[in-house]
Structure formats: C-alpha cells, structure tokens
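What follows is calculated from the coordinates using simple rules that are stated; it is not laboratory data. Owing to the predicted nature of the structure, the values given are computational and were not obtained by experimental measurement. Quick reminder, even Gly has a Cβ in these numbers, built from the backbone with ideal geometry, and neighbours come from all protein chains shown.
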DNA sequence: GTATTTGTTCCAAATGCTAGAACTGTTTTG
DNA sequence: CAAAACAGTTCTAGCATTTGGAACAAATAC
C-alpha cells in the first residue's frame, strides 16, 4: 500500500485491505479507535469494515475486551499460493541447512515492485534474538543486503532522497552506494554492515533459474559478535553456497 | 465465506475478498470474464475490483495474456500471523519427523468456525501424489480424520443434512457417525478409512496446551497400499506420538 | 474474412457507503 | 463513590460511490 488512493480504484476495498494488513501485521489485539486513528477513518466506518472482515472470517473479536485480532481464515489466502511457489518449495531444506551451518536466521527474498520482499524465513533453533524479518516484509533498498543485491544485479535506478540514514553506518550518498554496487557485482554477493540495525550484519546471494534469470536471493542475518569471531568470508561463503544449491533446483 | 451477503456488511470489500480468494486458491492465471461469471458479478465490476487489487499489489497481470494471478504481496497478509502461531512454530519439526517416520504427508489443523482448517502441512520428500491438502483448506466434518476428531472431542452437534456421501465408505447416517465418535473418544485418535477419497486413509490425534485445552490436531494422509502393508496401528501410533510430543511444547 | 471472443472504458442512476452524533457500558479519575 | 471520560456499537440522512449495461478495440476462432 504505497499511495493512499489511486485514480480509479475501489475505496472500500482498498481501506478494508489496509485495515486487514494492519491487524495481520501486528501481534496481539487491536482496538477500533486505534485502528480508525491509524488509518485516518471515522470510528464508525472502521467498525463497519471490521464487521465485514469478521463475517468473512479474517478477523476474530475477543469476547471480553471486544478487541480485534487476526483469525485463521487468513491462512486460506496466502497458503495455497505460498505452497506452490517453487522458490519456497525448494528453499525450505536449503534455508534449514544454512541456518544449521551458520547458527543464524536465514531468509529467502524476491524482487517485488522494485524492492526486496521476504518470502520465507528460517531461524536457527536455540538462537532467539535476531528474528526480526517477518515473511511479507518489505526491506529498505539501500540499507539491506537483499536491497543492495537487487539494485546491483538488476541495475535499478535509485534517487538520493531514498537514502535515509538508519544507523551511523548507513550509506547515504549515491557516490558511496554506487561504489558498493560495483563491488557487489564483482564479488557476486552483498554484505550489509550494520547499515540497517547497529547489531546486525547481513549477507545475500542471488538465485537463478534454469534459464539464468534472477528469481530471488538467499540471505543471512548475523549478530556482530559472530562476525568478529568468524569473519565476513565465512558467512559470505555460506550464503553463496546456499544460493548456488538452490539455483541448481528446478525453479 | 459462507453466506453470500450478511445483514450489514460492506458489499465492495466482501466481493473484493471473494475475488482475491478465488485468485489465490487456484493455480495459474484467471480471466476477468471467468472470475466475473464465477462470482456472479458483471464483468465491468469484477474488472474494477481487480484493478484495486492490482494497485494494492495483491494480484499481478500477465503482460501478454492480460490475465490475473496472485502476487507476492499476498504473503505480507498471512506471513506474520502464521509465523507467530505457536502451533506452527513448534509444529514444524514435529511434522517433519512424522513425515519422515511415516513416509507420508502430515498436517496440522485447528478448529475454526466449527470445522477443521489446515494450518500447516509437510509432505514426505520423494512421495508426490497425496499432497492434496493446502494450508487454509477447510475439510468436511463427517468425512475427514480431523473433522471426526473435533466432532468427538468438542462434542459438537451435527445434522443429517451435512452427511454428504463422498465415497462408498462415507458415514452418511447419524447412527453410524455417533458410534464412530464414541470409538474416537475411547481410543483418543480418529481414522478416516477411504471416507473422503477412495485412495486415502487418514489419521488424526489431538494436541493440548499446558492447561489441557484442545488447541489443534496432528494428521497423516496415507495411501491405502501402505495401510494394508503396515496396518492401521502403525500409523495411529505415529500420529498419537507426534501429537503428544507437540502437546509437551509451550503452546 | 467474418464472427465471436477477450479485456477495457464510459456513463447515468441509485444504491449503499460515509461520517457525525447519539447511545450504552466499562474504566478511570477526582 | 460519583462523575466524567472513553470504550464499542447503533442510527440516520445526504450524497459520493459504486454499480452494471452498453459500447469499444483487439485478439482469437472459425
């Protein structure tokens, strides 16, 4: 949902989807008033939309607090689609192996509407903290390993206005970013060095299908302590190997 | 989506969601005319709804055939919700082990709006055929192992009209079904013997949380050939064990 | 080459959505 | 403990929005 309203689109459906996204994204329950405020809608209107989502089975209402939360029907929407995605089908074992080998959270992402979007994740069992990337999340193009990888390999254009500073390490000038993209194209993988969160490094490598078309990328989020101990090369080698093994599958 | 329209609900949102479900469920692409016909809407109206879904990023349009298909944004809806479900989080390894041990497809289901709904699936690698149950699918209450299990343990009421015959083995009288439910309560698991598809047996066992509340069930779909070879007890023991190990987790 | 599809655009009519105010119950506050 | 503030829900009436038939162009079938 980028623009609040487009030329000729269905207002009701659009707002209903925004509402559903909001409830689906956050954990826990949501009050009507808060939802209405967030979306800039009158309370009664939000309430009506909620009732429709309720009837359709996408949200449920807590019996006592009267607040709204996601309901299981939501799974019916994305489930079949997700299960048919070749990248996800074959990516499961690859991510599992990668998480096992690196002892970190691993991810699969695709390029969607010009930016990276997480389509699968697998976290190393035993390691809690660094599991911030939910499936469906869109990442910053200039401050994520996935984003920089796609910018580099698809040679996408980007404007200076987009380069928002997120940490002291974020690349905020086109000059810096362009140099980085050249390096990424040369080495075949990308590294995000605390550019998005000061606690994390991340790595990403491209996945190609049988006809050599870029179809996605494999990624890895690594706490800084682990990077200083094992070195960047260790992790970049792991993601590159994982991406290569996924590229060998029939995608 | 049970009833076509409810008393006081948003028509546009409701139809838009039905449209999105339709596209998300089926594989491949969909033509505007077919979608309109299926939903009983005028073509121009369906087209407008599609444009809204397009703008929102939930569907994409093929450049040449002009047909519509699901797009990645769909994952953003269910992704975060699915990843936070304790049953799914802890169920992954359990289903994997179960699929490995049984060499069959295994499933996780919950009770939703009075019927069983698949929330996770894992198919045994190497075995293609019996992977019919998509995540999000709702099953027959009287002709599925999950359905009968929930009917038995939650003591739900069911009417004779619902007992549609699907195969020669389907239980189509309340008398038969009641006897079956008594047996299920006694043995603690349920078996579906070709009652839904003539090629499949299926097994289901209940999952309880720490406070002994029924929160879901573990299931297994087994081709008849394998049942005759290994016996029912083999598979019922496997699902029961898997369900017990999942019940031991913090759900 | 014709005829029947397809997806898309247009527009007028009225449906049904919108949003403010009123209502009821619960929680917070003085 | 009163009373005020705020929760979710219901009501209503005006008018913006959706609606759906018909017209359009392009692609496909015959």
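Filter region A:34-45 down to the residues that are touching a residue at least 12 places away in the same chain (Cβ under 8 Å), more than 9 Å from DNA strand C (Cβ to nearest atom) and surrounded by 15 or more Cβ atoms within 10 Å (Cβ to Cβ) and list them by number.
Scanning region A:34-45 gives A:35, A:39.
Among the residues of region A:46-65, write down those that are in a helix (DSSP H, G or I), within 14 Å of DNA strand C (Cβ to nearest atom) and touching a residue at least 12 places away in the same chain (Cβ under 8 Å).
A:46, A:47, A:49, A:50, A:52, A:53, A:56
Exactly one condition in (1) within 19 Å of residue A:137 (Cα to Cα); (2) assigned to a helix (DSSP H, G or I) is not met by residue A:94; state its number.
Exception for residue A:94: condition (1).
Just checking: which of the helices (runs of 4 or more DSSP H) contained wholly in region A:160-251 hold 3 or more residues that are touching a residue at least 40 places away in the same chain (Cβ under 8 Å)? Reasoning before the result, please.
Numbers: elements: A:174-187, A:224-230, A:232-247.
Hits in region A:160-251: A:232-247.
For region B:48-76, which residues satisfy the criterion of being more than 8 Å from chain A (Cβ to nearest Cβ) and within 12 Å of residue B:16 (Cβ to Cβ)?
Listed by number, the residues that qualify are B:50, B:54, B:59.
In region A:8-33, how many residues are surrounded by fewer than 14 Cβ atoms within 10 Å (Cβ to Cβ), more than 9 Å from DNA strand C (Cβ to nearest atom) and part of a helix (DSSP H, G or I)?
Count: 1.
Output the number of the condition that residue B:27 fails; it satisfies all remaining conditions of (1) farther than 26 Å from residue A:47 by Cα; (2) over 22 Å from the mean Cα position of the chain (by Cα); (3) within 7 Å of another protein chain (Cβ to nearest Cβ).
(2)
Could you tell me whether residue A:108 is touching a helix residue (DSSP H, G or I) at 6+ places or on another chain (Cβ under 9 Å), farther than 24 Å from residue B:55 by Cα and within 12 Å of chain B (Cβ to nearest Cβ)?
Criteria met by residue A:108.
Conditions: (1) part of a helix (DSSP H, G or I); (2) over 21 Å from residue B:119 (Cα atoms). Residue A:116 meets all but one. Number of the miss?
In the conditions (1) part of a helix (DSSP H, G or I); (2) over 21 Å from residue B:119 (Cα atoms), residue A:116 misses (1) alone.
Which condition from (1) farther than 22 Å from residue B:59 by Cα; (2) touching a strand residue (DSSP E or B) at 6+ places or on another chain (Cβ under 6 Å) is the one that residue A:87 breaks?
(1)
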